[in-house]
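First up is the structure itself, then whatever we jot down about it.
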Amino acid sequence: MKVLVATEKPFAKKAVEGIREIVEGAGYELALLEKYADRSELLAAVADADALIVRSDKVTAEVIAAAPNLKIVVRAGAGYDNVDLAAASGRGIVVMNTPGQNSNAVAELAVAMMIFMARNRFTPGTGSEIQGKTLGIHAYGNVGRLVGRKGKALGMRVVAYDPFVSDPQVFAADGVEQVSSVEELYRVSDYLSLHIPATPQTTGSIGYELLTSMPKGATLVNTARKEVIDEEGLMRALTEREDLKYVTDIAAAVQPELDEKFGKRVFATAKKMGAETAEANLNAGLAAARQIVGFFTDGCTRFQVNKA
Ligand code: 3PG
C-alpha cells in the first residue's frame, strides 16, 4: 500500500517525520512529492498511489484518472474545494478533510491582520486600536469560533452570522451576538472576518453592496478563499469608499491593480500562510495519516466529505 504526500507547499519537517512514522508503522510505504513545479510531476507521482495526502494541491479529474489504484484522498486542512469530488465519487474514492486541525493558526493570522491594518501596516503614522470595535464573523465554524473568542479576549464586541448554525447557545457560549442576516452583519462590523468556504453558492458573493454597507473605516479580512470575493465589486467599493480596507491571505486575481490603486488600504500575503505554522502542519499532517490508516485498517470513514 503506497501513501503519497503531494504538497506543492510542503509540511514542516517534523510533520513529515510524524506522517512517516504513522504510515510506515502501519506497514505502508510513504512517497513524498514536495514543492513540485509542474502538474506533470503530480500526474506521474499518483500513478501507483493507493492513498493521497494533499494541502491546497488541486486534485482534478485528470489527477484522479492518472491514479488507477487510488482509494482515498485526505486534504490535510479544512477547505476541500481543491478536490474534484464528482470525479472522486465517480471512482468510489473516499475524500476526507481534517477539520479543526489547522484552525488556530488561521484564526491567529486573522487577528494579526486586523492589528496590522489598524496600525497602518506597521508604517509611521497614527493608527487605531481594535479594542472597543465591532468584529463580525461571517460563518461560525472552527476558525470563525476561534477568531470570535480571540476578539472577545481583545475587548472587541463580536457579532456573527452563520446560516448553518441554528443553536443560539453556540454563539452565546462565547459571549458572541448572533445577527439574523448577512446584511446586518456587514452593516455593523468595523472588522469583518470571512470564514465561508468556496462553493458554487458562495462564489463571488461578497461584493459591492455588502462592502459599501460597512461602517466608516471598516476592514474586510479574508483568510478564507479568494473565490468568494466579487473582485469587480471590491474594486468599485474601494474606489468609492476611500475609508475601506481589504487584507487577504489569498491574493486576488486583480491584486497588482488593487495594490497600485489603493496602496496602504490593501494588503495580500505573498503566499497563503494561514495554516503555515509548525503546530498546524503537525496537527493536520498527523490527522491525515491517522485517518488513512484508520480507513484501511478499520474502514473508518469519519470526516468523509463525499458521502452519498
Ligand atoms: C485550509 O483550508 O485548511 C486552509 O486554507 C489551509 O490551506 P493550506 O494547507 O494550503 O495552507
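Since every read-out is calculated from the coordinates, none of them should be taken as a lab result. Keep in mind that what you see is a predicted model, and the values were worked out from it rather than measured. With ideal geometry, Cβ positions are generated from the backbone for all residues, glycine too; neighbour counts draw on all protein chains shown.
Points to keep in mind about this one:
- The spacing between the range 41-106 and the range 267-285, judged by their C-alpha centroids, is 18 Å.
- Computed [θ] at 222 nm, deg cm²/dmol, the chain (DSSP H ≥ 4; -39,500 (n - 2.57); rounded to nearest 500): -11000 deg cm²/dmol
- With 22 Å as the limit on Cα-Cα distance, the pairs of 35/71; 58/272; 35/58; 14/35; 9/261; 58/150 that go past it are 35/71; 9/261; 58/150.
- Taking Cβ atoms as reference points and 15 Å as the exclusive limit, the residues near residue 115 contribute a net charge of +2, counting Lys and Arg as +1 and Asp and Glu as -1.
- Residues 171, 303, 164 arranged by fewest to most Cβ contacts within 10 Å: 164, 303, 171
- Per residue convex hull volume, Cα atoms of the range 184-290, in Å³: 122 Å³
- Note on residue 216/residue 153: beta-carbon distance plugged into 1/(1 + (r/R0)^6) with R0 of 22 Å gives a FRET efficiency of 0.30.
- Computed across the chain, the Kirkwood hydrodynamic radius from all distinct Cα-Cα pairs reaches 20.4 Å.
- Counting charges near residue 34 (Lys, Arg +1; Asp, Glu -1) among other residues having Cβ under 15 Å from its Cβ returns a value of +2.
- Figure legend: label point modelled 7 angstrom from the Cα of residue 269 along Cα→Cβ; residues of the range 100-122 with amide N under 11 Å from it are 105-113.
- Size descriptors for the range 103-268 (Cα atoms only): Rg and Dmax, in that order, 14.6, 45 Å.
- Max mean-square fluctuation residue, GNM over the chain, Cα-Cα springs under 10 Å, options 126, 219, 297: 126
- Entry for the range 1-109 at q = 0.22 Å⁻¹: log10 I(q)/I(0) = -1.30, Debye formula applied to identical alpha-carbon scatterers, no solvent contribution.
- Relative to the current alpha-carbon distance between residue 170 and residue 1, full extension at 0.36 nm per residue lengthens the span by 56.7 nm.
- Net charge of neighbours whose Cβ lies under 12 Å from the Cβ of residue 85, counting Lys and Arg as +1 and Asp and Glu as -1: +1
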